[in-house]
Amino acid sequence: MRGFLVAGNWKMNGRNAVNEQLAGEIIAGMPHSDSVELLICPPYPYLASMAAKVDGTALALGAQNLSEFESGAHTGEIAPGMLLDVGCKYVIVGHSERRAMYGESNECVARKFAAASKAGLQPILCVGETLEDREAGRTEKVIESQLGAVLELVGIETFATAVLAYEPVWAIGTGKTASPDQAQDVHKHIRSILAAQDDNIASQVRILYGGSVNGSNADGLFAMTDIDGGLIGGASLKSADFLAIAAAAASQG
Ligand code: 13P
């Protein structure tokens with residue numbers, strides 16, 4: 001049984017007071033369910049204070065990015081071991097905003113994924129096509145090259161302790177969610193790529209959907225066979241919305 005993961009990607013939002021309140025409300029209202037794990041990914045400067053906040057609770061902590069290097073002369077970068085040190089369990093890797101705005105190639109994402117795993121963090125590898133890709137019928141091809149670069153570098157075994165997130169770029173922050181069937185098709189394809197190398201790992205890996213998930217559409221998405229939770233942007237910034245999505249996951253269990 002894979003279980004669900006509902007992850008909040010706070011992106012570049014929040015300040016001390018707001019974070020304290022948001023995390024406090026999530027902790028107070030989170031479902032007590034063995035089949036649903038809840039995760040928040042605040043910006044770097046708040047990881048330590050949020051680690052203290054979630055300590056002793058079932059709410060997990062993750063980061064939004066990391067360096068591919070372990071330490072040294074990399075001004076402004078954050079090492080995998082530092083994230084582990086401040087209490088992170090997960091780290092998002094290859095978000096489409098980083099690919100598009102900060103030039104992260106498939107190969108760079110693969111190296112970050114490898115660095116995260118090596119340090120003992122669970123990478124959440126984001127893949128997804130643009131609208132142009134989808135309209136040109138290239139969705140599967142794009143996913144194959146994004147996932148393929150990571151598989152090639154780290155091998156299938158590393159996916160035993162990783163999470164995938166399918167985030168169609170056209171659905172992020174646009175209010176246009178992929179339909180449950182559209183998302184399921186891609187999730188199934190992702191699982192089949194992994195299954196071609198290891199059936200067991202493919203059947204155990206959690207594949208999240210991300211892109212305009214909210215309390216109203218989460219039920220339909222989470223009911224699909226290969227959708228194991230969500231990577232939530234905008235709706236993770238309001239506790240009621242995030243908890244409604246968590247409740248939708250719990251109701252599937
Ligand atoms: P939205 O939920 O705001 O569309 O963002 C999705 C996302 O990018 C999560 O990583």
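The values are calculated or read from the model by the stated rules, or taken from the named source; none is laboratory data. As the structure is a computational prediction, the values presented were derived from the model and not from experiment. Virtual Cβ from ideal backbone geometry, glycine too; neighbours counted across all protein chains shown. Heads up: the accessible areas ignore ligands, DNA and RNA and are worked out on the full protein's heavy atoms, side chains in. Shrake-Rupley method; radii C 1.70, N 1.55, O 1.52, S 1.80 Å.
Looking at segment 69-214, what % of the alpha carbon pairs are farther apart than 20 Å?
Of all Cα-Cα pairs in segment 69-214, 47 percent lie more than 20 Å apart.
Ordering Glu140, Glu37 by how much accessible area each has at a 1.4 Å probe, largest first, what is the list?
Output order, biggest surface exposure first: Glu140, Glu37.
Rolling a 1.4 Å sphere over the protein heavy atoms, what is the accessible area per residue of the chain, to the nearest Å²?
Computed with neighbouring chains in place, this is 44 Å² per residue.
Report, in whole Å, the centroid distance computed from the Cα atoms of segment 176-253 and segment 1-19.
15 Å
Give me D for segment 180-253 in µm² s⁻¹, whole number, from Stokes-Einstein with Rh from the Kirkwood sum over alpha-carbon pairs, 10 °C and 1.306 mPa s.
125 µm²/s
Return the single residue from Ser49, Ser67, Ser117 with maximal mean-square fluctuation; model: Gaussian network over the chain, springs between Cα atoms under 10 Å.
Of Ser49, Ser67, Ser117, the most mobile in the Gaussian network model is Ser49.
How about segment 65-106: which chymotrypsin sites (Phe, Trp or Tyr not before Pro) there are in a DSSP loop, with at most 10 other Cβ atoms within 10 Å of their Cβ?
Sparse-neighbourhood loop chymotrypsin sites (Phe, Trp or Tyr not before Pro): Tyr102.
On average, how much area does the Cα convex hull of segment 21-116 cover when viewed from any direction, in nm²?
Projected area, direction-averaged: 7.2 nm².
For the chain, calculate the relative contact order in percent as a whole number, restricting contacts to Cα pairs under 8 Å that are 6 or more residues apart.
23 percent
Using a 1.4 angstrom probe on heavy atoms only, work out the carbon and sulfur share of the accessible area of segment 95-253 in %.
Answer for segment 95-253: carbon and sulfur cover 49 percent of the accessible area.
Between Ala28 and Val86, what FRET efficiency comes out of the Förster formula 1/(1 + (r/R0)^6) with R0 = 25 Å and r the beta carbon distance, rounded to 0.05?
E(calc), rounded to 0.05, equals 0.60.
Across segment 91-136, what fraction of all alpha-carbon pairs, as a whole percent, falls in each successive 5 Å bin from zero upward?
Calculated P(r), rounded to whole percents: 5, 23, 27, 21, 13, 6, 4, 1.
Within the chain, which whole H helices from DSSP have a Cα span along their axis of at least 15 Å and a mean Kyte-Doolittle hydropathy of 0.0 or more, if any?
Helix filter hits for the chain: 16-29, 139-154, 239-252.
Considering the chain as a Gaussian network with a 10 Å cut-off on Cα pairs, which listed residue, Arg134, Arg15, Arg111, attains the greatest mean-square fluctuation?
Greatest mean-square fluctuation among the candidates belongs to Arg15.
If the elastic network links every pair of Cα atoms under 10 Å, which of Ile92, Ile190, Ile156 fluctuates the most in the Gaussian network model of the chain?
In the Gaussian network model the winner is Ile156.
Helix-only mean residue ellipticity at 222 nm, the chain, DSSP H runs n ≥ 4 weighted -39,500 (n - 2.57), per residue, nearest 500. What is it?
-13000 deg cm²/dmol
I'd like the Kirkwood hydrodynamic radius of segment 147-224, using the inverse of the mean 1/r over distinct C-alpha pairs, in Å.
With all distinct Cα pairs of segment 147-224 included, I get 13.2 Å.
On each of the three principal axes of the Cα atoms of the chain, give max minus min coordinate, whole Å, ordered largest first.
46, 45, 34
Magnitude of the Cβ-charge dipole of segment 1-136, K/R +1 and D/E -1, about the Cα centre, nearest 20 debye?
The calculated dipole for segment 1-136 is roughly 180 debye.
Across all directions of projection, what mean area in square nanometres is found for the Cα convex hull of segment 62-153?
If I average the Cα hull's projected area over directions, I get 6.0 nm².
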